[in-house]
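Working notes, beginning with the structure itself.
The values are calculated or read from the model by the stated rules, or taken from the named source; none is laboratory data. Predicted, not measured: the structure shown is a model, and the values here were computed from it. We place every Cβ from the backbone using ideal geometry, glycine too, and count neighbours over all the protein chains shown.
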Amino acid sequence: MFRLSDYNYDLPTDLIAQQPADQRDSSHLLCLDRQNGALSHHYFHEIVSYLHPGDVLVINNTAVIPGRLTGRKDSGGRVEVLLSGYTAGAKTDRNPVCQCMVKASKRPAVGSWINFAAGLSARVLDNRNGTCMLEFHGSDDFANLIDRIGQVPLPPYIKRDPGEKPPCDDRTAYQTVYARHKGAIAAPTAGLHFTRTLLDRLRAAGVQIVPLTLHVGYGTFLPVRVNDIRSHKMHAESFRIPQQSAMAINAARSKGGRVVAVGTTCVRTLEYASDAHGQITAGSGSCDLFIYPGYRFKAVDALITNFHLPKSTLLMLVAAFAGREIILQAYRRAVENRYRFYSYGDAMLII
């Protein structure tokens, strides 16, 4: 269960969702009982019947920044930059230094400049380990500039022809309805299925909803490159758990309520911040926890998640939570039933 090949599965390419469901909570929901592998098929809005009074639903309120920038080197060569490690509102917004993934025919040299639209430019401070450190300069606040010229960093498996009119407004669709703190370059996609109305229905049913923040970084796009997954190193991502959220989670557990995590980002954050008894400590820091089969969960009782790429750390996490064979069987059933996969796809509830 530690071989990378143990986390492969066959997926027809036409099941990779290229756009979201017409209504967020009308996506399909595959419910999985991890104790016996039993499966049932629903619409996402029916999740209300699976959550109970006293449960606490933990959401990740990070917000995706329009962090994909297109520019030119001084030589004229085209450059595509993906921001990482930038949190809007920081004191260094005027000339922030950001770690970035850079795509170019030839990587820009240290000391060179990249020029973007709207008077934004960046000086290359470092160029190694597959990323560049860029110092940005502009005539306006950096957050305002990227809001004007940046693009939503959609995952590479969402493919659209150049010039094609987008089927949806990705700036809205690729953002949860509760997104608040800008800093992610990928959405916590399990949360995309929630509407404000559905959240209100859950609160009315006695489910407490509490936030944490984990800014999804560029590591989410990087494949596992080792054959033995135990040798893989996760990239650290910044997080914050408010005191009020930690208290609510701990109180719910003490009263027998379940901690239901919305997405793998919430799972990793909660498990990273918990003690051996599942008690959560409030605070902020960097999370580099890699969860794969053999991990003993302490804080999370149920998980809402999307369907993940083969051989990905996200698939390994859900395999750790439910069992590798149970998850792979559920994925096979999802394929047979024409579920839509990945970021804009359908969802699973694992209980």
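A few points about this structure:
- Any hit, region 306-320, residues being touching a residue at least 40 places away in the same chain (Cβ under 8 Å) and among the basic types (Lys, Arg): yes
- Scanning region 148-162 turns up no residue that is modelled with pLDDT under 90 and surrounded by 14 or more Cβ atoms within 10 Å (Cβ to Cβ).
- Test for Ala118: is it touching a strand residue (DSSP E or B) at 6+ places or on another chain (Cβ under 8 Å) and outside any strand (DSSP E or B): no
- Residue match in region 185-196 (condition: farther than 18 Å from Ile291 by Cβ, of a type outside the set (Lys, Arg), modelled with pLDDT under 95 and not in a helix (DSSP H, G or I)): yes
- Odd one out for Val226 among (1) in a helix (DSSP H, G or I); (2) among the β-branched types (Val, Ile, Thr); (3) under 29 Å from Gln99 (Cα atoms): (1)
- Only listed residue being within 27 Å of Thr281 (Cβ to Cβ) and either crowded, with 20+ Cβ neighbours inside 10 Å or outside the structural domain of Lys311 (by TED's automatic domain parsing) (or both), chosen from Ala236, Ala190: Ala190
- Cross-chain or 6+ apart pairs with Cβ under 7 Å, region 330-348 first and hydroxyl-bearing (Ser, Thr, Tyr), then at pLDDT 95 or above and in a strand (DSSP E or B): Tyr339/His28; Tyr339/Leu30; Tyr342/Ile16; Tyr342/Asn306; Ser343/Asn306
- Top-ranked residue of region 105-147 - restricted to ones that are β-branched (Val, Ile, Thr) and touching a Cys at 6+ places or on another chain (Cβ under 7 Å), ranked as surrounded by the fewest Cβ atoms within 10 Å (Cβ to Cβ): Thr131
- Top-ranked residue of region 33-58 - restricted to ones that are within 21 Å of the chain's Cα centre (by Cα) and closer than 30 Å to Pro223 by Cβ, ranked as surrounded by the fewest Cβ atoms within 10 Å (Cβ to Cβ): Phe44
- For region 247-270, the set of residues classified as in contact (Cβ under 8 Å) with a residue 60 or more places away in the chain and under 17 Å from the mean Cα position of the chain (by Cα) consists of Val260, Ala261, Val262, Gly263, Thr264, Thr265, Cys266, Thr269, Leu270, listed by residue number.
- Search result, residues across region 231-246 that are out of contact with any Pro (no Cβ under 7 Å at 6 or more places or on another chain), in contact (Cβ under 8 Å) with a residue 12 or more places away in the chain and part of a helix (DSSP H, G or I): Gln243, Gln244, Ala246
- For Tyr9, the criteria (1) at pLDDT 95 or above; (2) within 30 Å of Gly119 (Cβ to Cβ) hold in every case but one, which is (2).
- Residue match in region 168-178 (condition: over 18 Å from the mean Cα position of the chain (by Cα) and either exposed (fewer than 14 other Cβ atoms within 10 Å of the Cβ) or in contact (Cβ under 8 Å) with a residue 12 or more places away in the chain (or both)): yes
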